[in-house]
Every structure is written in structure tokens, then in C-alpha cells.
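Trainee: My structure is below; once you've seen it, I'll send some questions.
Taken together, the values in this text are just the output of simple stated rules run on the coordinates, not laboratory data. In this text the structure is predicted, and so the values were computed from the model without any measurement. With ideal geometry, Cβ positions are generated from the backbone for all residues, glycine too; neighbour counts draw on all protein chains shown.
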């Protein structure tokens, strides 16, 4: 049960989501992907993608002004 | 009369706030069809069209506004639509998206916005206006579904509302079976609703639809006989900067300036404003995308708002053809620039050197 970090700060949408999907495909089920992002639209698209693809959001926090971290456990 | 253009600033401010808080992005709506095979945001977009359609034809019937028959400049609409649709992917947002992202502090969107204004001014007012005139002179006289069929526009309103209703129901049903993950609330009451809560796309869309209806009589009262529009006003800003002609500062210019004000207030109040500097690739793409947006919107006769959202609501061929060709242009650019994207973070840290942040549990 490892955690993996995906740093996408500075990337505009939809790239955080595109990279999150790629990263998720490479980790085993049950592992967690920690995604740092700073594009506003991803506050909608990332949790939505997790729900649609059957993953679980274990943490979702706002780190600061226009900076967020979401932790998704692969389902 | 001149003082009435202030309603443009007010409406633009409210609209900018709603766009930012609702994360309403037309580029995203078109792009999701190709990247996610999802029509959720396109459905929200069509909710705006349907709501507005009901309102606009009601205003027309009541005599508040008068919709005149239009021609269909098909060549410009098709070419411009493709160019615009392609460019919004490069710019990272359509015209409106670029305005509100600029106000969130995204410097890439500042570049896109400046070059969009330059492109729009050049192709509508400046040295390249001749190309726009030439391409748009290729037209058919019949310009709308009601003109072609001789049917009442209300027939089309009914069909549109029914179709959008079915799509909305489909998405709401799907959603009800899904777990929704939200950011934990740190505010309460109105502050939570306005500056924190994630708004449902369909609620945002309904609000935008109502604001788009309001735009018609408010703009009409100042002598600008149309609804929401972004590209014309943006071209006027460019021309005004160059000439200082006060006639150019109309209701539409106030509207787009309001977008900046409203989305800045929304972003700031929600803790979502921060100046963010793009990398080299994003900067170049933003500049090319901005210019292409100005060019495409001039040829097509409007952007995703003026054409795809407003002219669709009045059932003109120009509106619907530009919607279709903008989506095709977006699809092409998405295939080239997004589906081929391989991030350096795509190889998870764990395969090379595991990154364990905190113990799980």
C-alpha cells in the first residue's frame, strides 16, 4: 500500500487530469496517488473522474490560494 | 442613453462571478467529448441555449426585442468555426474562459486575451477586415430553421427543450448512483454557497441562461441590438486603444470588462486568485491560440458565446453550423495536443524511487 506523488502545479487544465489517468494506470490497486494541482477546473474534474472510474478520494484539501491536493486510492 | 451602458458592466460582473464559481468552460465542454467521452458539460452548455431560447422568443413575442431574419454566410462560419475551435484548445479556454482565467491570475490567459483582442481587432476592424468581408460574402439568403421551414420558432424551442431535458435527466440519473467527493467546508451560510461550494453544472447553466436572456433587453436599450457577445466588444477594445474613439465603448465593452471584475472578485473571495506564470510551451500556445481565436471568431461571426450559445438559441444556421465546426476544430486540436501529451510525472515516483509521504491509515 504505497503512496505515489504526482506533481502537476503550473499545468493548465486538462493536463492534471490527463497525467493523473496515466499515473493511475501504472500503479497497483489499493495504492494511493497524491495529486498536487493548481488549475481551478480540476477541483471539478479530478473528483468526478475518481467517482466515474471507481476510485476512492481519501483526502481533498486546499493547500493555499489556488493550490489543492487530492489523494485518490485506486479501486 | 450613454449612462445605460453601465448595465453591461453590472451584468458582466455577475456573469464573470458565475462563470468562475461554476467552473463553466465551453472549451472543456467540447474537449471532454474527445478526452473523456463525456457529454456532461456539453449538456450544461445546451441548458444555457435552451433556457435562453425560451426567453428570447418570449421577449420577441412581447415586442421587447425584434429578431430580424438573417442570412447564412456559410463559408466564413465553417472555416472560422474550425479555426476558433482549434485555437481554444491552444489558448486553454474560449473567449469567456480566457477572460475569467485572466482574472484568476493565469498569466498564460493574459497573453491569450491580449492576442485575442489583437486578432479580433485586426480581422474585424483593421488591415485584415477585408478577408472577413470576402469570406462572409459567400452566403445563402435563408438563414434560420424557421425561415427554411416556415414553421413557428416555438416548434424548435419545444424540440430543443425536450432534447435537453432528456439529456439532463440521463446525467442526473447517472450521477445519483455515484459517490460525490467534496472539499471539506470551512465557511457557512451564504459565504459557503457563494465562495466555496462546488456548484452543480446544470444550476450554473440555468443561471447563465437567465443572465443571457437579461442581456437582450439591457443591451437593446442602449441601441446595441443583440444579446451576449464577446468578440465584437473585444475588437472594439483593440480599436479603442488604437483610436481613442469613444463611440467604440458600448454596452458590449462594458460587459466584457465586467467579466474581468466579476471573476476577479469571485476568485479573490474564494482564495483562488494567484498569479501563475506559464512555461515556454504554454506561453507560445496561448499567444497562437489567442490570435487564432480572434481570427476564427471574426470569420465565423462570433465565438462560443455569440454564435454557439446565442445564435443557436435563435435557431440560425450560423449558430448551429459554428457550434458543429467549433466542436470539430476542438476535436482535431485535442487529438494533436492533449491525447498525445505524456507528462513527466506519468511515471509514478514509486517505480523509480517510492515516495512515501505519510503512513497510510
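Trainee: Quick check: from the Cα gyration tensor, does segment B:159-281 come out rounded (a/c under 1.5), prolate or oblate? Can you show the working numbers first?
Mentor: Details: a/c = 2.25, a/b = 1.41, b/c = 1.60.
Oblate, since a/c reaches 1.5 and b/c is not below a/b.
Trainee: Using only the Cα atoms of the protein assembly as shown, build the gyration tensor, take square roots of its eigenvalues as a ≥ b ≥ c, and label the shape rounded, prolate or oblate: rounded if a/c is under 1.5, else prolate if a/b is larger than b/c, else oblate. Kindly include the intermediate steps, with their values, before the conclusion.
Mentor: Numbers: a/c = 1.79, a/b = 1.64, b/c = 1.09.
Prolate.
Trainee: Now for a different question. Extending each Cα 7 Å along its Cβ direction at residue B:203 and residue B:221, get the distance between those two points in nm, one decimal.
Mentor: Distance between the two pseudo-spin positions: 2.9 nm.
Trainee: If you take the beta carbon distance between residue B:158 and residue B:180 as r and set R0 to 22 Å, what does 1/(1 + (r/R0)^6) give as a FRET efficiency, to the nearest 0.05?
Mentor: Working: r = 33 Å, r/R0 = 1.48.
With a Förster radius of 22 Å, E is 0.10.
Trainee: Using helices alone, I'd like the mean residue ellipticity at 222 nm for chain A: each DSSP H run of four-plus residues gives -39500 (n - 2.57), total over residue count, nearest 500. Provide the component values of the computation, followed by the final result.
Mentor: Details: 2 runs with 22 residues, N = 75.
Per the formula, -9000 deg cm²/dmol.
Trainee: Length gain on complete extension for the stretch residue B:39 to residue B:68, per 0.36 nm per residue less the alpha carbon to alpha carbon distance?
Mentor: The residue B:39-residue B:68 span can extend by a further 7.2 nm.
Trainee: Tell me the relative contact order for chain B as a rounded percent, counting alpha carbon contacts under 8 Å between residues six or more apart. Please report the intermediate quantities before stating the final value.
Mentor: Working: 641 pairs, mean separation 144.8, N = 361.
For chain B, the relative contact order is 40 percent.
Trainee: Which of these, B:184, B:153, B:201, has the largest mean-square fluctuation under a Gaussian network model of chain B (Cα springs below 10 Å)?
Mentor: Between B:184, B:153, B:201, it is B:184 that shows the largest mean-square fluctuation.
Trainee: Return the whole-Å distance between the Cα centroid of segment B:162-211 and the Cα centroid of segment B:241-291.
Mentor: Going from one Cα centre to the other spans 26 Å.
Trainee: Also, I was wondering about something else. Name the most mobile residue of B:287, B:338, B:114, meaning the one with the largest mean-square fluctuation, in a Gaussian network model of chain B with Cα contacts below 10 Å.
Mentor: B:338
Trainee: Any idea what the relative contact order of chain A is, in percent, if you count C-alpha pairs under 8 Å spaced at least 6 apart? Write out the running numbers ahead of the final one.
Mentor: Working: 135 pairs, mean separation 26.2, N = 75.
35 percent.
Trainee: Ok, one more. Taking the beta-carbon count within 10 Å as an exposure proxy, list B:207, B:117 from fewest neighbours to most. Mind showing how you got there, number by number?
Mentor: Values: B:207 21, B:117 25.
Least to most surrounded, the residues fall as B:207, B:117.
Trainee: Another question about this same structure. Can you sort B:195, B:142, B:312 so the residue with the fewest Cβ neighbours within 10 Å comes first?
Mentor: Numbers: B:195 18, B:142 15, B:312 23.
Result, fewest neighbours first: B:142, B:195, B:312.
Trainee: Also: Kindly provide the helix-only [θ] at 222 nm of chain B, computed as the sum of -39,500 (n - 2.57) over DSSP H runs of four or more divided by all residues, to the nearest 500 deg cm²/dmol?
Mentor: Values: 16 runs with 234 residues, N = 361.
Helices in chain B give a 222 nm mean residue ellipticity of -21000 deg cm²/dmol.
Trainee: For the residue pair residue A:21 and residue B:193, what label-to-label distance in nm results when each label sits 7 Å from Cα along the Cα-to-beta-carbon direction?
Mentor: 3.5 nm
Trainee: Using the 10 angstrom Cβ neighbour count as an exposure proxy, how do B:268, B:125, B:335 rank, fewest first? Walk me through the intermediate numbers first.
Mentor: On the way: B:268 17, B:125 20, B:335 13.
Ranked by crowding around the Cβ, least crowded first: B:335, B:268, B:125.
Trainee: Another question, then. What is the distance in Å between the Cα centres of segment B:42-113 and segment B:313-346?
Mentor: Segment B:42-113 and segment B:313-346 have Cα centres spaced 14 Å from each other.
Trainee: Of the residues B:158, B:300, B:68, which exhibits the maximal mean-square fluctuation in a Gaussian network model of chain B defined by a 10 Å Cα contact cut-off?
Mentor: Comparing B:158, B:300, B:68 in the GNM, the peak value goes to B:68.
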